[in-house]
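None of the figures in this text is laboratory data; all of them are computed from the coordinates on show. Predicted, not measured: the structure shown is a model, and the values here were computed from it. Every residue, glycine among them, receives a Cβ derived from its backbone with ideal geometry; neighbour counts consider all protein chains shown.
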Amino acid sequence: MGMILEVKELTKHFGKIQAVNGLNLTITSGMVYGLLGPNGSGKTTTLGMLLDVVAPTSGSYSWFGGKPNVESRQQIGAILETPCFYPYLSAVQNLRIVAHIKKASTSRIDEVLDQVDLSERKNDKFKNYSLGMKQRLSIAAALLADPPVLILDEPTNGLDPQGIAEIRELISKIAKQGKTIVLASHLLDEVQKVCTDFCVLKNGNKLHEGPVNDILNETNTVEIAAEDMESLTISIADFSGATKVKAVNGSLQLELGQDATSTDVNRFLFDRGIVLKKLVTQTNSLEQEFLKILRENG
Amino acid sequence: MVRAFQLEWLKLRNYRVFWILVAMYLVALFFATSSLMFFLNWLKSVGADLDGIDPTIIPIYDFPDIWQNTTYLASFLKVLLGFIVIISVNNDLSYNMLRQNVIDGISKREFIISKMALIMFLAAVSSGFVFLAGLINGSIYSHTGGMSQMFNEIEFIFGYFYDIVVYCTLAFLVALLIKKSGFAIISLFLYTIMFEPILVAMLENAEYFDGTIWQAIAPFFPISAINDLIHIPFGRYVFQEITDYIPLSALAISTVWLAIYISAIYYRLAKRDLK
């Protein structure tokens, strides 16, 4: 896999505040990398340094295995915080500037505007756009040069639920084309749904890094319920595979031992003449994991 | 340079404010370069008496004097070009577009080059206009003619071009240092037409400064230096000695200022985080 980005000991201080502290990252081709963290954790500052608008206090980074930065940036589609365009120019006129800077052809302008559903308003001035339209135009600008790498900082900020769903779908679609995406967000299910890898930042420190799938595995917690909860409670006490049984909201929550599975639970109870009306194997969510990581490092 | 200018062109091509300002500037330039005969006729009509000389016979549009006469007058309007530069730079800063441009893939150096390209463009348009106006007015009113007379002293057009380039580079720097465009424009305007000229006039002429170092440094002030490129020419019509060439000292001092402006712009942008 090709090396897209390598970050070594990247550090930024604003006066006494440590915005980013000795950050190391490695992003390879095809990853959809989630940068998580509460507000003010250093996500945008990190991306700002990687895009040369914030000067690092120390440390280094290299794009595409050491390509010059200006050239690299022309091959990166990036959205950093709020959408920035000339308010007195239309969408098309603004995108012509982007195309010129990125040395890209202007022939894709209509295509990307279509992709973000702005074709009908393409000749209106940017200043007359709604926040959602502005956000979508910045995504169009990021896609314009058909870049192999996208950096998206809170791409669904200010969008309505439908817009968020559309952007999420768009990101998954782009990721399937084999593009590499770095996604900074505090919306966790957004990251959980599209990212392959993620890291957690807090106060400029990297607390955790790893593949998203590793933490979304099934847990050993099973929730069961039956019409006759009383006999269920009595019967389950004899099930040797459960290490802990707890009543929760009209169900029973079982912690299963190493060898037991939800199938075993079901079979055991069926043999005892109890038919379950509910059997749910719980999976971890990124949100739980994220909060746990923050708690452990609080 | 071409690529840098194209970037600037895309930003300004559909920016109405820019074209209105350019149009207003050109109208003002037209009056500054081409209305002198009307002015002299008006002087005559109100009965101005210049030691018994009819004002309309003053050969103000004669080749080659016309070049210094018109560039001297046109040079007063360079402050308007400074405003255009401030507005253009300020747009990129206040809308966070310099940051966005850098993210999209230019270097800060390219940004500086693109603004310098704009400055050169404005200076070239203005110089071209003054040159054409000189040719036309000269061919209508000049008592002298012939190629050698016509293009003698044409160096004033180049001096004029340089004057604008240096001044607009100062405006570029001011726009970077003062982020509110209105404040930047008023500061530049007052400094150019009042604060420095008055200060320099005091240093040069007040008895108090006679023979002091202050008097000696007066020509080194930034506006004074570029204004000295083209000296006031009208003394020749009342038989005074005038500086009818571009003084090398003014050229040298202006060039040093230009280098200082560009270095300051570069330093300012290189060290600043684009938040």
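By counting other Cβ atoms within 10 Å of each Cβ, how are B:TYR266, B:TYR208 ranked from fewest to most?
The fewest-first ordering by Cβ neighbours comes to B:TYR208, B:TYR266.
Explain nothing, just compute: Karplus ³J(HN,Hα) = 6.51 cos²θ - 1.76 cosθ + 1.60, θ = phi - 60°, for every residue of segment A:85-94 in order, whole Hz, x for Gly and Pro.
Working through the residues one at a time gives 8, 6, x, 8, 10, 7, 4, 5, 5, 5 Hz.
Considering every residue in B:91-101, what mean count of other chain Cβ atoms within 10 Å of its Cβ is obtained?
Average neighbour count from other chains, rounded to a whole number: 5.
Largest first and to the nearest Å, give the Cα extent of segment B:182-275 along each principal axis.
Principal extents (Cα only, largest first): 59, 30, 28 Å.
Largest first and in whole Å, what are the equivalent-ellipsoid semi-axes of segment A:44-105 based on the Cα gyration tensor, each being the root of 5 times an eigenvalue?
After scaling each eigenvalue by five and taking roots: 25, 16, 7 Å.
Give me the angle, in degrees from 0 to 90, between the Cα long axis of helix B:155-177 and the longest principal axis of the Cα atoms of chain B, rounded to the nearest 10.
40 degrees
Projected onto the charge dipole of the protein assembly as shown (+1 at Lys/Arg Cβ, -1 at Asp/Glu Cβ, origin at the Cα centre), which of B:LEU248, B:ILE260, A:CYS195 gives the Cα projection farthest towards the positive end?
The listed residue farthest towards the positive side: A:CYS195.
Can you list the HN-Hα couplings for segment B:183-191, worked out from phi with the Karplus curve (6.51, -1.76, 1.60; θ = phi - 60°), rounded to whole Hz and with x for Gly and Pro?
5, 5, 5, 5, 4, 4, 4, 5, 4
Distance cut-off 29 Å, Cα to Cα: go down the list A:LYS67/A:LYS127; A:LYS8/A:LYS127; A:LYS43/B:LYS271 and report the pairs above it.
Those over the limit are A:LYS67/A:LYS127; A:LYS8/A:LYS127.
Across all directions of projection, what mean area in square nanometres is found for the Cα convex hull of segment B:2-271?
Projected area, direction-averaged: 17.0 nm².
Going by how many other beta carbons lie within 10 Å of each one, how would you line up A:TYR129, A:TYR33, fewest first?
Ordered by Cβ neighbours within 10 Å, fewest first: A:TYR129, A:TYR33.
Quick one: compute the contact order of segment B:1-131, relative version, from alpha carbon pairs under 8 angstrom and 6+ residues apart, as a percent.
Rounded, it is 41 percent for segment B:1-131.
Extending each Cα 7 Å along its Cβ direction at A:SER231 and B:LYS44, get the distance between those two points in nm, one decimal.
12.5 nm
Could you name the aspartates and glutamates whose alpha carbon sits less than 17 Å from that of A:LYS122, not counting residues in the same chain fewer than 8 places away?
A:ASP110, A:GLU111, A:ASP114
Based only on the alpha carbon positions, what is the Kirkwood hydrodynamic radius of segment A:3-215, in angstrom?
17.5 Å
Which of the trypsin sites (Lys or Arg not before Pro) found in segment A:93-152 are in a DSSP loop and have at most 16 neighbouring Cβ atoms, other than their own, within 10 Å?
Answer by residue number: A:LYS103.
Find which of B:PHE234, B:SER94, B:LEU77 sits farthest along the positive direction of the dipole of segment B:2-271, computed with +1 on the beta-carbon of Lys and Arg, -1 on that of Asp and Glu, about the Cα centre.
Looking along the dipole axis, the top candidate is B:SER94.
Suppose R0 equals 30 Å. What FRET efficiency, 1/(1 + (r/R0)^6) with r the Cβ-Cβ distance, do A:ARG272 and A:ASN213 give to the nearest 0.05?
The computed FRET efficiency comes out at 0.25.
Between B:SER263 and B:GLN6, what is the spin-label point distance in nm, taking each point 7 Å from the Cα along the Cα→C-beta axis?
That separation, rounded to one decimal, is 3.4 nm.
Excluding residues on the same chain fewer than 8 positions from A:LYS179, give the aspartates and glutamates whose Cα lies under 15 Å from its Cα.
A:ASP146, A:GLU169, A:ASP197
Quick one: check the C-alpha center-to-center distance for segment A:1-55 versus segment B:86-120, whole angstrom.
Using only Cα atoms, the two centres lie 25 Å from each other.
Quickly estimate the mean residue ellipticity at 222 nm for chain B, helices only: each DSSP H run with n ≥ 4 gives -39500 (n - 2.57), and the total goes over all residues, rounded to 500.
For chain B, the value works out to -22500 deg cm²/dmol.
Take the residue pairs A:LYS16/A:LYS292; A:LYS125/A:LYS206; A:LYS134/B:LYS180 and return only those whose Cα atoms are more than 32 Å apart.
In this structure, A:LYS125/A:LYS206 exceed 32 Å between Cα atoms.
Based solely on its DSSP helices, what 222 nm [θ] is calculated for chain A when runs of n ≥ 4 H residues each add -39,500 (n - 2.57) and the sum is averaged over all residues, nearest 500 deg cm²/dmol?
Only helices count here, giving -9500 deg cm²/dmol.
Mind listing which trypsin sites (Lys or Arg not before Pro) in segment B:1-69 are in a DSSP loop and have 15 or fewer other Cβ atoms within 10 Å?
Of the trypsin sites (Lys or Arg not before Pro), the ones in loops of segment B:1-69 whose Cβ has at most 15 other Cβ atoms within 10 Å are B:ARG13.
Translational D (Stokes-Einstein, µm²/s) of segment A:218-287 at 10 °C and 1.306 mPa s when Rh comes from the Kirkwood sum over C-alpha pairs?
D = 131 µm²/s.
For segment B:6-57 and segment B:184-213, what is the centre-to-centre distance using only Cα atoms, to the nearest Å?
Segment B:6-57 and segment B:184-213 have Cα centres spaced 26 Å from each other.
Near A:LYS277, which aspartates and glutamates are there with a Cα under 12 Å away, not counting those fewer than 8 places off in the same chain?
Counting by Cα, and skipping residues close in sequence, A:LYS277 has these aspartates and glutamates nearby: A:GLU223, A:GLU227, A:ASP228.
Only counting other Cβ atoms within 10 Å, I'd like A:THR221, B:THR71, A:THR281, A:THR180 sorted with the fewest neighbours first.
Ascending Cβ contact count within 10 Å gives the list A:THR281, A:THR221, A:THR180, B:THR71.
How large is Rg/Rh for the protein assembly as shown, to two decimals, with Cα atoms and a Kirkwood Rh?
1.21
Putting +1 on Lys and Arg Cβ atoms and -1 on Asp and Glu Cβ atoms, find which of A:PHE290, B:LEU7, B:LEU36 reaches farthest to the positive end of the dipole of the protein assembly as shown.
Of the options given, the answer is A:PHE290.
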